[in-house]
Amino acid sequence: MRPGTDKAPLEEGRPLLDARGISKSFGGVHALEAADFSCRAGEIHALLGANGAGKSTLVKVLSGVQRPDAGTITLAGETVQFSGPAEAAHHGVATVFQELSLFPHLTVAENIYVGHEPTGPLGQIDQRRMRSDVRALFDSLGVGHIAPGAHVSDLSLADRQLVEIFKALSKEPKLLILDEGTSALGRKEVQRLFDLLRKLKAAGTSVIFISHRMSEIREFVDRMTIFRNGRHVATVAAREASDAEIVEMMLGQRVERSFPERTEVSRDEPPLLELSGFSVGSDLADVSLSLRRGEVLGLAGLEGQGQGTLLLALFGAYRGVAGEALIDGRPVRLSSPKAAMESGIALIPEDRKTEGLVLPMSVRENITFSVLSRLGRFGFVSAARERAFVGRMMERLSVKAASMELPARSLSGGNQQKLVLAKWLETGADVFLFYDPTRGIDVGTKQAFYELIVGLTREGKGVILYSTETSELIGLCHRVAVMDGGRVALTLEGGNITEEEILAASLGVGRGRNAAGADMAEAAQ
Ligand SMILES: Nc1ncnc2c1ncn2[C@@H]1O[C@H](COP(=O)(O)OP(=O)(O)OP(=O)(O)O)[C@@H](O)[C@H]1O
């Protein structure tokens with residue numbers, strides 16, 4: 001089918017969910033404009049669209065969090081009007097929102113059962129049963145590494161996301177909505193999750209799935225609906241449209257995904273950053289690596305193999321770090337984030353929603369927070385200069401906001417993430433640490449972002465990039481350090497940075513290969 005032309009007919013039969021003519025405005029912003037969306041029983045259905053297309057707003061309407069201004073929702077043949085999330089839940093809708101909603105100081109099991117805890121004969125909460133049920137659920141999914149009794153605050157973002165998903169599943173919903181619920185998960189976890197979703201689907205549960213990772217979507221979903229500017233553009237079978245066609249429908253224009261040419265790196269100059277014997281407890285063991293000016297060094301490996309710890313340790317977030325760090329040949333003490341920033345290191349963190357922004361403050365204030373002192377002299381900032389600077393940053397990262405004076409909270413999730421990036425990019429740092437930077441960002445902006453990373457290297461900065469999208473590592477990096485069990489298992493370089501090599505090294509089967517790709521085991525025979 002031709003993208004953006006024919007509107008595919010929505011489901012003719014009796015779908016589980018049928019939302020028609022849904023409109024929702026915030027002030028002058030039309031988040032949804034007479035949007036249609038329909039999902040069959042026992043179907044995994046992806047909802048796609050650029051940042052700000054209205055996906056999360058639809059999810060909030062379907063989950064009873066927001067009331068639509070107009071439109072009707074039919075669920076299992078019954079017209080429903082949700083007065084709040086509890087009523088949506090009562091109708092069998094369970095949602096994992098973009099913003100995680102866990103209580104950090106409760107245990108995993110307590111979080112999963114919050115509000116519907118199993119009770120003993122005297123009405124007391126049955127902790128033991130709760131934990132054993134959660135254990136059984138985790139074991140069935142092969143996520144034995146999460147302890148039901150662990151506090152959520154101690155878990156990684158990926159594990160917190162898994163807990164959030166299990167919490168939704170424990171309500172045995174008719175309709176499960178995952179709004180970017182898998183963005184922090186590694187490939188293996190996503191696959192396991194989809195194995196589970198297929199089982200649910202076989203039992204008649206419908207799943208609405210929002211993700212910006214195209215490959216993830218194509219592989220596992222039955223149909224896809226594309227939204228653009230708050231409207232339904234098309235609904236297609238997953239195999240019916242090509243990636244390029246889908247992107248075109250999302251953006252209203254053709255975009256070729258390509259990586260900008262890497263910056264030439266001079267091997268003669270001394271390294272910008274040099275680490276030796278960098279260790280953090282048992283999480284990071286004896287990491288030695290170097291980064292040159294103009295270079296992008298990738299970090300790969302299965303989820304949680306020390307990549308995050310390395311970035312955070314470099315940013316001074318851990319105490320008791322052993323080893324030495326040199327910047328431009330001078331030893332630096334990375335004892336706190338402040339010390340790291342003063343040494344010229346910037347980190348774009350993983351959990352950008354909570355770590356990166358002051359949500360009630362305006363878009364403008366959030367962007368200029370970290371650069372005020374550089375924009376003005378003697379502490380005075382010219383308003384005109386500030387606005388011009390913010391305008392440039394918003395354009396560079398295509399931040400979609402009606403005005404820079406709106407609170408950051410009112411932006412769509414992806415646009416909030418862009419704000420965090422904007423905020424850090426202008427800090428004047430020399431070493432940029434990126435923690436999965438394009439997670440949650442739409443394909444059009446990803447492209448702009450690749451340009452931006454390469455742009456930094458052209459200015460002589462060094463970049464360490466941890467990405468869960470292998471294609472980004474292959475397309476952008478000069479070298480990729482594959483991590484396993486807190487160590488650098490292998491460093492790949494140039495043409496040897498391939499999906500197969502990265503995967504093999506991640507799984508430990510690539511050991512023995514050197515950076516030039518010669519298989520030493522074979523050579524020895
Ligand atoms: N509470 C709000 N106040 C003001 N504007 C809002 C509010 N919620 C959403 N919007 C606006 O509505 C539009 C749609 O946002 P929405 O979050 O639904 O997009 P999205 O498709 O989920 O984007 P993303 O991929 O970035 O998560 C955006 O322009 C956003 O700024």
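We did not get these values from a lab; they are worked out from the coordinates using the rules stated. This one's a predicted model, so the numbers in the text were calculated from it and none came from an experiment. Cβ placement follows ideal geometry from the backbone for every residue including glycine, while neighbour counts extend to all protein chains displayed.
Going by neighbour counts of Cβ atoms within 10 Å, the residues 249, 361, 394, 483 line up, fewest first, as 361, 394, 249, 483.
Our helix-only sum for the chain, with -39,500 (n - 2.57) per DSSP H run of n ≥ 4 divided by its residues, gives a mean residue ellipticity at 222 nm of -9000 deg cm²/dmol. Around the Cα centre of the stretch 283-335, unit charges on the Cβ atoms of Lys, Arg, Asp and Glu (plus for the first two, minus for the last two) sum to a dipole of about 240 debye.
Each residue of the stretch 173-182 was assigned a 3J(HN,Hα) from its phi angle through the Karplus expression (A = 6.51, B = -1.76, C = 1.60, θ = phi - 60°), giving x, 7, 10, 9, 10, 10, 8, 6, x, 10 Hz with x at Gly and Pro.
Rounded to whole numbers, the Karplus 3J(HN,Hα) couplings from phi for the stretch 42-53 are x, 10, 9, 10, 8, 10, 10, x, 5, 4, x, 6 Hz, using 6.51 cos²θ - 1.76 cosθ + 1.60 with θ = phi - 60°, and x at Gly and Pro. In a simple Cβ point-charge model (Lys, Arg +1; Asp, Glu -1; nothing else charged), the stretch 129-218 has a dipole of about 280 debye relative to its Cα centre. A simple spin-label model places pseudo-atoms 7 Å from Cα toward Cβ; at residue 20 and residue 448 they are separated by 3.7 nm. Stretching the chain fully between residue 136 and residue 286 yields a gain of 50.4 nm (0.36 nm per residue, less the alpha carbon separation). What separates the Cα centres of the stretch 400-450 and the stretch 113-147 is a distance of 38 Å. A straight chain from residue 338 to residue 172 at 0.36 nm per residue would run longer than the Cα-Cα distance by 55.2 nm. When you filter the GluC sites (Glu not before Pro) in the stretch 264-328 for DSSP loop state and at most 15 other Cβ atoms inside 10 Å of their Cβ, you are left with 264. Taking amide H positions as modeled 1.01 Å from N, with prolines and chain starts lacking one, the residues under 5 Å from residue 126 and 5 or more places away or on another chain are 119, 120. Relative to the longest principal axis of the Cα atoms of the chain, helix 157-169 runs at roughly 10 degrees. The charge dipole of the chain, taken about its Cα centre with unit charges on the Cβ of Lys, Arg, Asp and Glu (plus for the first two, minus for the last two), comes to roughly 1060 debye. Reducing the stretch 237-288 and the stretch 43-90 to their Cα centroids gives an inter-centroid distance of 34 Å. Averaging the sequence gap over all C-alpha pairs within less than 8 Å and six or more residues apart, then dividing by the number of residues, gives the stretch 207-295 a relative contact order of 17 percent. Towards the positive end of the charge dipole of the chain, with charges on Cβ (+1 Lys, Arg; -1 Asp, Glu), say which of 206, 424, 273 has the farthest Cα. In the chain, that residue is 424. For residue 90 and residue 268, the FRET efficiency from 1/(1 + (r/R0)^6), where r spans their Cβ atoms and R0 equals 56 Å, is about 0.25.
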